[in-house]
Amino acid sequence: MTVQHVMFRCDASIQVGMGHIVRCICLANAFIEAGHRVTFVINNDVIAIQALAGLNLDMQLFKQADYLEWCQQVIEQQRPDIFIGDIRDGLPIQAVEMMKQANILTVAIDEPSDYRLACDLLFYPPSPLVEALNWQGFNGKRYAGWEYLLVREEFYTPFVKSCNQPQKVLVMMGGTDPQRLTLTVIEHFRRLDSQLALHVVIKERHPDFAQLSRQQGQSVNLTLHSNPANIAKLMRQMDFAVITFGMSAYELAVLKVPAFHICTQPDHHIASQSFVDKQIAKSIGVTELDKICLFDSKGCSISSGIDNIMSKILAARFVQVNDYPS
């Protein structure tokens with residue numbers, strides 16, 4: 001086996017959330033277990049840095065104002081074999097083309113922006129958004145569907161679903177809740193059924209944490225989780241969930257936990273439709289929180305896409321190396 005140097009470019013912050021970096025870590029771990037070298041290039045944000053802390057991954061901070069200048073430095077000094085992007089910060093097509101000219105395999109994960117058109121490989125979770133994008137000029141290979149889902153392996157650990165009385169409801173507005181929706185959702189559930197056991201995931205530094213902490217002290221049916229050590233274990237205990245659409249939507253689907261998706265962006269409404277079609281979730285906007293209610297769903301079996309994605313990347317890299325002129 002020829003060891004490949006795989007470089008991930010992804011971010012995490014209050015604005016973009018945690019989903020991009022979490023799914024990249026899933027794929028990175030698979031490459032590491034297969035014996036390859038991995039480097040993460042992330043934004044200089046405490047949320048991104050903490051996401052990688054303790055994972056024993058090579059981490060570099062992205063500080064360049066000029067993407068093309070950074071790309072040239074990467075080519076000359078670090079020489080990755082594979083570049084994987086999961087970013088929303090304006091990576092230009094020219095940077096991707098520079099990497100391709102240097103015989104670097106270019107890959108993008110769930111990417112809607114224009115740089116995808118220059119990439120060799122693209123991978124998407126199931127979403128009607130993919131076909132709606134403009135694909136003029138794209139000459140690479142595109143893969144989309146549930147079989148290309150990047151979800152951490154711990155979500156696939158077999159477990160016996162418990163029947164909770166009262167029912168346990170997960171409330172999780174992403175890793176950061178920038179729109180401060182958590183309090184409103186909790187108030188709605190208390191009006192809906194005051195006996196529900198609400199489990200709320202929210203950071204201690206969130207501006208509403210202190211108020212929620214006071215409410216927790218006054219109620220036996222409210223539990224805060226500021227930094228859960230095992231989010232998969234917590235989700236497995238739930239009967240229902242209300243979340244802002246993101247990676248957690250896919251994680252809950254794997255665990256067969258029915259959910260309401262609060263869609264904060266128009267694209268999220270479209271992406272959530274794949275879950276609605278399978279009758280495993282319902283979708284609403286931020287102004288429709290009064291529509292939240294409990295519902296039943298049998299769920300559906302969803303396999304991990306990590307091996308599918310990694311095998312296609314390595315196969316494409318092998319072909320690329322053999323086709324590259326000496």
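Could you tell me which residue of the range 200-222 is farthest from Thr176 (Cα to Cα), considering only residues that are among the β-branched types (Val, Ile, Thr) and either surrounded by 14 or more Cβ atoms within 10 Å (Cβ to Cβ) or in contact (Cβ under 8 Å) with a residue 12 or more places away in the chain (or both)?
Here the residue is Val200.
Looking at Tyr156, Tyr124, which one is in contact with an Asp or Glu (Cβ under 7 Å, 6 or more places away or on another chain), modelled with pLDDT of 90 or more and surrounded by 13 or more Cβ atoms within 10 Å (Cβ to Cβ)?
Result of the check over Tyr156, Tyr124: Tyr124.
When only residues in the range 225-258 that are crowded, with 17+ Cβ neighbours inside 10 Å and more than 23 Å from Cys24 (Cβ to Cβ) count, which is farthest from the chain's Cα centre (by Cα)?
Looking at residues that are crowded, with 17+ Cβ neighbours inside 10 Å and more than 23 Å from Cys24 (Cβ to Cβ), I get Asp239.
Using the structure shown, decide if Val107 is among the β-branched types (Val, Ile, Thr) and more than 21 Å from Ile25 (Cβ to Cβ).
Spelling it out, it is not the case that Val107 is among the β-branched types (Val, Ile, Thr) and more than 21 Å from Ile25 (Cβ to Cβ).
Got a sec? Which strands (runs of 3 or more DSSP E) wholly within the range 1-107 have at least 1 residues that are under 24 Å from the mean Cα position of the chain (by Cα) and crowded, with 19+ Cβ neighbours inside 10 Å?
Passing ranges, in order: 5-10, 37-43, 82-86.
Taking Gln279, is it outside the structural domain of Val130 (by TED's automatic domain parsing), surrounded by 14 or more Cβ atoms within 10 Å (Cβ to Cβ) and either outside any loop (DSSP other than H, G, I, E, B) or not aromatic (Phe, Trp, Tyr) (or both)?
So Gln279 fits the description; yes.
Does Val171 count as over 25 Å from Ile82 (Cβ atoms), in contact with a helix residue (DSSP H, G or I) (Cβ under 9 Å, 6 or more places away or on another chain) and modelled with pLDDT of 95 or more?
Criteria met by Val171.
Please count how many residues of the range 264-276 are surrounded by 15 or more Cβ atoms within 10 Å (Cβ to Cβ) and either more than 15 Å from the chain's Cα centre (by Cα) or in contact (Cβ under 8 Å) with a residue 60 or more places away in the chain (or both).
7
How many residues are modelled with pLDDT under 95, assigned to a loop (DSSP other than H, G, I, E, B) and surrounded by 15 or more Cβ atoms within 10 Å (Cβ to Cβ) when one looks only at the range 127-147?
So the answer is 3.
Being of a type in the set (Val, Ile, Thr) and under 16 Å from the mean Cα position of the chain (by Cα) is true for just one of Ile280, Ile309. Which residue is that?
Exactly one of Ile280, Ile309 is of a type in the set (Val, Ile, Thr) and under 16 Å from the mean Cα position of the chain (by Cα), namely Ile309.
Would you be able to tell me the number of residues in the range 228-251 that are touching a strand residue (DSSP E or B) at 6+ places or on another chain (Cβ under 9 Å) and either in contact (Cβ under 8 Å) with a residue 60 or more places away in the chain or more than 19 Å from Ser301 (Cα to Cα) (or both)?
Residues flagged as touching a strand residue (DSSP E or B) at 6+ places or on another chain (Cβ under 9 Å) and either in contact (Cβ under 8 Å) with a residue 60 or more places away in the chain or more than 19 Å from Ser301 (Cα to Cα) (or both) within the range 228-251 amount to 16.
Specify which of the listed residues (Arg205, Arg317) is assigned by TED's automatic domain parsing to the domain that holds Thr182, out of contact with any Cys (no Cβ under 9 Å at 6 or more places or on another chain) and among the charged types (D, E, K, R).
Of the residues listed, the single one that is assigned by TED's automatic domain parsing to the domain that holds Thr182, out of contact with any Cys (no Cβ under 9 Å at 6 or more places or on another chain) and among the charged types (D, E, K, R) is Arg205.
Given the criterion touching a residue at least 60 places away in the same chain (Cβ under 8 Å), surrounded by fewer than 18 Cβ atoms within 10 Å (Cβ to Cβ) and either in contact with a Pro (Cβ under 9 Å, 6 or more places away or on another chain) or among the aliphatic types (A, V, I, L, M) (or both), identify the matching residue among Leu170, Leu150, Leu192, Leu181.
Testing whether each residue is touching a residue at least 60 places away in the same chain (Cβ under 8 Å), surrounded by fewer than 18 Cβ atoms within 10 Å (Cβ to Cβ) and either in contact with a Pro (Cβ under 9 Å, 6 or more places away or on another chain) or among the aliphatic types (A, V, I, L, M) (or both) leaves just Leu192.
The values are calculated or read from the model by the stated rules, or taken from the named source; none is laboratory data. Quantities reported herein were computed from a predicted structural model and do not represent experimental measurements. We place every Cβ from the backbone using ideal geometry, glycine too, and count neighbours over all the protein chains shown.
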